[in-house]
Amino acid sequence: MDRKPRDKDMNEIVSLCKRRGFIFASSDIYGGLQGVYDYGPLGVELKRNLMASWWRAMVYERDDVEGLDGAILTHRLVLRHSGHEATFADPMVDCRSCKSRWRADHLVKGKCEKCGSSDLTEPRPFNMMFKTTVGPIVDDESYAYLRPETAQAIFTNFKNVIDSTSRRLPFGIAQIGKAFRNEITPRNFIFRVREFEQMELEFFVMPGTDDEWHEKWVAARQNWWMEQGLAKENLKLYRQTKEELSHYSKATVDILYKFPHGFEELEGIANRTDYDLGSHTKEQGQFKLMARVEPNHDSVEKLAVRDAESEQFIVPFVIEPSAGVDRGVLALLTEGYTVEDLENGSQRVVLKLRRHLAPIKVAVMPLARNNEAIVDMAKQIKAKLQSLGIGRILLENTGNIGKGYRRHDEVGTPICVTVDFETIEKTPAKVTIRDRDTMKQERVAVSELPQFVREYFRPSDSQ
Ligand code: ATP
């Protein structure tokens, strides 16, 4: 068969997402909220499958990582002392001609993207954190932030986790959750948005071993993305220059992916040193003294570990692999989106997602939508497969098998099971299994179907 994968086009991906229910503009009926998206019936499955795969690799399959689910609303002092209030800003410029606003470092040749004018204001820092008020009284101190990264809840809970789990270095704390950044110019669909999800690991190590762990994590994370189906040639590593580093970082390596708009950051792996644990320990002490919460300085929670030999407190260094879920979803959609020319001259769109990520695992299709015996059999098969716990099994009762196959190719369903007249008339009862990628069909006995499906979706075989 003649296969011609085309260049990936963002418009085609956006259109597939809307048409088939992966991703919608948020508040769509009121014109949309810029930089905010909702995940539809299939998008929510894809996103959750990606997050589950990350959690499996980062927490369940390791012996040195614990999980956490911190709150989104964050105490203002946490983000003051983490350095975000002062430095979490992007350079913003205004176009004097058309009055639009831009992120200075994203403009090509310093020209306004809307009208092409070079008459721009000097860049000035724009803090990207969303502020909100907490409680019924609004005064100078009643505000809190929507977290701009999930990491801070890990640092502020460092001692709680150590005390409740008796962990020793090296060990990590993993978290998946929403983060919010008031991006000056959200763009490229779900690539740069104002509300997004992060999968972050803070891995605490002895100072001095940090460079080695940094390299290990860069390699591990690149491998993991390949296991999710991203091709090696579509991934690149980029070492940030001194000028590009965040305020907390000693070194950062970005994993770039070839998105439809070019190679851009999918995940960043930073060496955050002892910056965060150190500054929260110090500033907490200052705060307690000033606020007279606890005048005894010794009662400050030391975000540190006690070294068994020297009995001294050591502030661990932190290696942070931080990946965006939404950018991950966009990368999977980009990688998987394929247009194939068929022998009969027509084309088909296939979303080649790895089995463990596919939103629908199996579509069960009755050949005749009004034949009670066939539909009943399909329902029984659906219920049986659903009970295997491998993910969503769909009963697709439209009566048009050809259309059903095409629809499920487009949304990446790995196998379709068709129940036909022979299934209900002959013994042993058999169904047709049709494979998304090869389009091959085979007959399998209904009694053997659960075993077949279980084998097909065995986690170690994530293809
Ligand atoms: P960029 O340089 O693209 O603005 P960043 O370096 O500020 O990203 P980090 O602070 O390292 O990003 O955040 C870690 C991860 O979170 C990024 O690799 C990305 O996947 C995701 N992320 C960050 N900002 C956004 C955003 N506005 N929309 C979607 N995902 C984001």
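Below, the figures for the structure above:
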item: Nonlocal amide H pairs with residue 129, under 5 Å, H built at 1.01 Å; result: 182
item: Value at 222 nm in deg cm²/dmol, rounded to 500, when DSSP H runs of n ≥ 4 in the chain each add -39,500 (n - 2.57); result: -9000 deg cm²/dmol
item: Protection-proxy order for peptides 397-405, 33-41, each taking the mean of Cβ atoms within 10 Å per residue, highest first; result: 33-41, 397-405
item: Neighbour-limited loop hits for trypsin sites (Lys or Arg not before Pro), segment 152-206 (at most 14 other Cβ within 10 Å; DSSP other than H, G, I, E, B); result: 168
item: Three-way shape label, segment 360-456, alpha-carbon gyration tensor, a/c 1.5; result: rounded
item: For segment 347-364, Karplus couplings with θ = phi - 60° (6.51, -1.76, 1.60), whole Hz, Gly/Pro x; result: 10, 9, 9, 10, 9, 8, 8, 4, 4, 5, 9, 4, x, 10, 7, 9, 9, 9
item: Rounded to the nearest 10 Å², the accessible area of residue 279 at probe 1.4 Å; result: 20
item: Rounded accessible area per residue of segment 360-456, 1.4 Å, Å²; result: 48
item: Accessible surface, segment 1-138, averaged per residue in Å² (probe 1.4 Å); result: 60
item: Summed residue charge, Cβ within 12 Å of residue 245's Cβ, Lys/Arg positive, Asp/Glu negative; result: +1
item: Exposed-site-free run, longest, the chain (rule: GluC sites (Glu not before Pro); DSSP loop; at most 11 other C-beta within 10 Å); result: 142-308
item: 5 angstrom amide H check on residue 114, placed H, neighbours 5+ away; result: none
item: Share antiparallel - DSSP beta bridges, segment 317-451, percent rounded to 5; result: 65
item: Unpaired by the 4.7 Å Cβ criterion, cysteines found in the chain; result: 17, 416
item: Heavy-atom accessible area ranking, 1.4 Å probe, most first, across 100, 164, 15; result: 164, 15, 100
item: Within the accessible area of segment 360-456 (1.4 Å probe), percent carbon and sulfur; result: 48
item: Segment 163-168 - phi-based ³J(HN,Hα) in whole Hz, Karplus 6.51/-1.76/1.60, Gly and Pro as x; result: 5, 8, 10, 6, 5, 10
item: Table column - 3J(HN,Hα) (Hz), segment 309-318, Karplus curve with 6.51, -1.76, 1.60, x for Gly and Pro; result: 6, 8, 6, 8, 7, 10, 8, x, 8, 10
item: Ratio Rg/Rh [Cα only; Rh per Kirkwood] for the chain; result: 1.03
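The values are calculated or read from the model by the stated rules, or taken from the named source; none is laboratory data. Note that the structure is a prediction, hence the values are computed from the model and not measured. Cβ: placed from backbone, ideal geometry, glycine included. Neighbour counts: every protein chain shown. Protein only, heavy atoms only, side chains kept; ligands, DNA and RNA dropped before computing areas. Shrake-Rupley method; radii C 1.70, N 1.55, O 1.52, S 1.80 Å.
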